[in-house]
1. Collect the residues in region 141-179 that are among the aromatic types (Phe, Trp, Tyr) and modelled with pLDDT of 90 or more, keeping them in residue-number order.
2. Which fully enclosed strands (runs of 3 or more DSSP E) of region 98-205 have 3 or more residues being hydrophobic (A, V, I, L, M, F, W, C), farther than 28 Å from Gly348 by Cα and touching a residue at least 24 places away in the same chain (Cβ under 8 Å)?
3. Working only within region 228-252, note down all residues that are over 26 Å from the mean Cα position of the chain (by Cα) and either at pLDDT 90 or above or part of a strand (DSSP E or B) (or both).
4. Could you check how many residues of region 347-362 are small (Gly, Ala, Ser), touching a residue at least 40 places away in the same chain (Cβ under 8 Å) and in contact with a helix residue (DSSP H, G or I) (Cβ under 8 Å, 6 or more places away or on another chain)?
5. So how many residues does region 282-334 have that are without any contact (Cβ under 8 Å) to a residue 12 or more places away in the chain and either closer than 18 Å to Leu109 by Cβ or among the basic types (Lys, Arg) (or both)?
6. I need the full set of residues from region 189-204 which are surrounded by fewer than 23 Cβ atoms within 10 Å (Cβ to Cβ), of a type in the set (Gly, Ala, Ser) and either in contact with a Ser or Thr (Cβ under 7 Å, 6 or more places away or on another chain) or at positive phi (or both), in order please.
7. Listed residues Asp390, Asp313, Asp350; which is surrounded by fewer than 22 Cβ atoms within 10 Å (Cβ to Cβ), modelled with pLDDT under 90 and assigned by TED's automatic domain parsing to the domain that holds Val82?
8. Evaluate the following for Ala337: is it more than 16 Å from the chain's Cα centre (by Cα) and surrounded by fewer than 18 Cβ atoms within 10 Å (Cβ to Cβ)?
Amino acid sequence: MQRHGTGNAGAMPERISDGARSALRALLRSRAGARRLRFIMLAASLAFAGCQSSTVDDALDVEGGRESSVAAGIETVGSGPVVIGMLAALGSAGERDRRDGAKLAAMQLGGDQVTLAVYNARPGAAGAGIEALIGRGAKILIGPSRTDQLGAFSAGAAEARPPVVAFLPNGVARPPGIFAFLSDETDSAVEVASYAVQAGRKRIVLLHPPEMEQAGLARLRKGIEAKGGQVSAALPFSARASDGVASQGAVLKAADAVLLGPGLESPAAAVAALRATGALSSGALILGTSELPAQRGLMGTLVCRVDQAAVADVTQRYRAEFGRAMTKDAAYGFDAAALAIGIIRSRGADALTAATLSARGGFRGLLGAFRFTAPGDIERNCSIYRVEGDSYQMQDPAPNGF
């Protein structure tokens, strides 16, 4: 994640050590000369202009709503010649919001070029939904969001079917030709570690829950190493047995940064245990995931959080259309449909291919800039915040592209 903005380097708190402050300022200076790559601007970014919010939680309803019942079958939005297919499962609030976010994008951005065809599938009917959407001529499929629906996509048919953008995170095994679209806590951990690496803080000690699965640890380690970092130690931590950290003085002394990993039970207790060892160097950074709470025991910790580009106008339109607040799930649905619409409007329906989706320049939506890797994983730019008391303060805004 290369950053090009000027950030907020002059507002670093006194609680961050001089060494850490110097490293971060060096990082911000180095970004000014970084090479900017061209990237495709989605119609979502161009069609709506609104006021910026500090985090996505400020503008979107993160609690969501109640479950609702929807009739099975296909519903359509728009009447354009290019069909975008969407496979939705019935029932959950998240599914409803993703569907309605996609419908809003089709209504606002599709014009006379696009028809969004949504197949509301009952359990076990994903295969029928895929066939129905492809039968309608869908050039791209959005969804599913449930892992039990992935079996409906035959691995051997990837080249014959349209590309699929699924509402699933990178950690879910997917057949070829299916692109993940959701970012999770592990992704945020990798990105904040990347930020530290760019500041020259490459040796990272990971604190993780004792019960964390080996696959999750391996994914996290692989992601950090791909960014140029080194996980020098992975230490299990439990607030009920925090004395285990005290015996790791030599490991902590050599650390450039400590990452409070996904699912850690008590991050504040972990930081207290780290401080109590007296082994951390003055320049060591404390890093956390997007789920890290803002509380005084975590003062100075840096976290990576996905921001929206400019959602004020979109959230108003969403509420006016559907009678409820826009959620992050709805923003995901909006961005997935806007991704397809943006490609159609700028390059034509024939450009809806895996190769176009894998363009390294990436795309931009309500939730910021993103791109896909060749295997179909999602990478999202995020802003770096630091914990100040019971709130997050902007440290460095997300880059506009890659």
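1. Phe167, Phe179
2. Numbers: elements: 114-121, 138-142, 164-169, 178-182.
In region 98-205, there are no strands (runs of 3 or more DSSP E) which contain 3 or more residues that are hydrophobic (A, V, I, L, M, F, W, C), farther than 28 Å from Gly348 by Cα and touching a residue at least 24 places away in the same chain (Cβ under 8 Å).
3. Once the filter is applied, which keeps residues that are over 26 Å from the mean Cα position of the chain (by Cα) and either at pLDDT 90 or above or part of a strand (DSSP E or B) (or both), region 228-252 yields only Leu252.
4. 0
5. Counting residues in region 282-334 that are without any contact (Cβ under 8 Å) to a residue 12 or more places away in the chain and either closer than 18 Å to Leu109 by Cβ or among the basic types (Lys, Arg) (or both) gives 3.
6. Of everything in region 189-204, just one residue is surrounded by fewer than 23 Cβ atoms within 10 Å (Cβ to Cβ), of a type in the set (Gly, Ala, Ser) and either in contact with a Ser or Thr (Cβ under 7 Å, 6 or more places away or on another chain) or at positive phi (or both), namely Gly200.
7. Asp313
8. Considered against the rule, which asks whether it is more than 16 Å from the chain's Cα centre (by Cα) and surrounded by fewer than 18 Cβ atoms within 10 Å (Cβ to Cβ), Ala337 comes out as no.
The values are calculated or read from the model by the stated rules, or taken from the named source; none is laboratory data. Remember, it's a predicted structure, so these values are computed and weren't measured experimentally. Quick reminder, even Gly has a Cβ in these numbers, built from the backbone with ideal geometry, and neighbours come from all protein chains shown.
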